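The values are calculated or read from the model by the stated rules, or taken from the named source; none is laboratory data. Since the structure is predicted, the reported quantities are computational estimates derived from the model, not experimental observations. A quick note on method: Cβ atoms are made from the backbone with ideal geometry, for glycine too, and the neighbour counts reach across all protein chains shown.
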Amino acid sequence: MNSNTIATVRTRARKSGKFLVDTGVREGSVLGPMLFNYVIDEMMRRAIQDYDNNTLLYPAEKELTDLEYTDDIALIADKPRELPKAVTVVSDYSTSFDLVLKPLKSKVLAVKPSKPMRFPISIDGEELENVKSFCYLGSVITTSTSCMEEIAERIAKAGIAFNMLQKCL
């Protein structure tokens, strides 16, 4: 843990003045990711408890409302009208944990919608973009749930990797 540590920030252009760091863990510490995951898990646990409309039943009657990996969170709602409340609750709890949800990095995707969503979903007054597909943890998720876009993406990546190897041969 950092305690009474003096630091500077160096960029290509210049070096900052010295400043005191008395919170957090040292860069590269194994504690950093572990503590961050603990904070995210606790934040989401509290948010889900506060959000009374849990949606998807999971084996052993457990409810699956979100997927998390490091700083990526995917919220799941069975009914589109439930999503704005879920986003608001998670946003409020993230603020209480000194974390910030970025509206520009957040997307809304309706899987197999029967009709277009007619209500905006926003974070701090900024409307989130509705998309037809997005990449989550390296996999392409689409509104149609088709794997074709995912397969095309992987073939393209494999082609790039193969072409890079050609230079070595």
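Could you tell me whether any residue of the range 29-52 is among the hydroxyl-bearing types (Ser, Thr, Tyr), more than 24 Å from residue 135 (Cα to Cα) and modelled with pLDDT under 80?
yes
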| Of the residues that make up the range 81-92, is at least one modelled with pLDDT of 75 or more, among the charged types (D, E, K, R) and either within 17 Å of the chain's Cα centre (by Cα) or over 19 Å from residue 107 (Cβ atoms) (or both)? | yes
| remark: Note on the range 87-120: residues farther than 19 Å from residue 136 by Cα and surrounded by 17 or more Cβ atoms within 10 Å (Cβ to Cβ) are 89, 91, 93, 94
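Which of the residues spanning the range 121-140 are surrounded by 10 or more Cβ atoms within 10 Å (Cβ to Cβ) and at pLDDT 85 or above? Show your work before the answer.
Step one: of the range 121-140, the residues surrounded by 10 or more Cβ atoms within 10 Å (Cβ to Cβ) are 121-124, 126-137, 139-140.
Within the range 121-140, 121, 122, 123, 124, 126, 127, 128, 129, 130, 131, 132, 133 meet the criteria.
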| field | Looking only at the range 122-169, and only at residues there that are charged (D, E, K, R) and out of contact with any strand residue (DSSP E or B) (no Cβ under 8 Å at 6 or more places or on another chain), the one that is nearest to residue 108 (Cα to Cα) | value | 127
| request: Report, ordered by the first and then the second residue, all pairs with beta carbons closer than 9 Å, sequence separation of six or more or different chains, a first member in the range 119-144 that is assigned by TED's automatic domain parsing to the domain that holds residue 79 and aromatic (Phe, Trp, Tyr), and a second member that is exposed (fewer than 14 other Cβ atoms within 10 Å of the Cβ) and outside any strand (DSSP E or B). | output: 119/81
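Of these, 107, 132, which one is touching a Leu at 6+ places or on another chain (Cβ under 7 Å) and among the charged types (D, E, K, R)? Working first, answer last.
Numbers: 132 fails: touching a Leu at 6+ places or on another chain (Cβ under 7 Å).
It is 107.
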| message | If a residue counts only when it is among the β-branched types (Val, Ile, Thr) and at negative phi, which strands (runs of 3 or more DSSP E) contained entirely in the range 64-169 have at least 1 such residues? | response | 72-75, 139-142
| request: Kindly indicate whether residue 77 is more than 15 Å from the chain's Cα centre (by Cα) and either surrounded by 11 or more Cβ atoms within 10 Å (Cβ to Cβ) or among the hydrophobic types (A, V, I, L, M, F, W, C) (or both). | output: yes
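For the range 135-169, which residues satisfy the criterion of being among the polar types (S, T, N, Q) and more than 26 Å from the chain's Cα centre (by Cα)?
Correct list: 163, 166.
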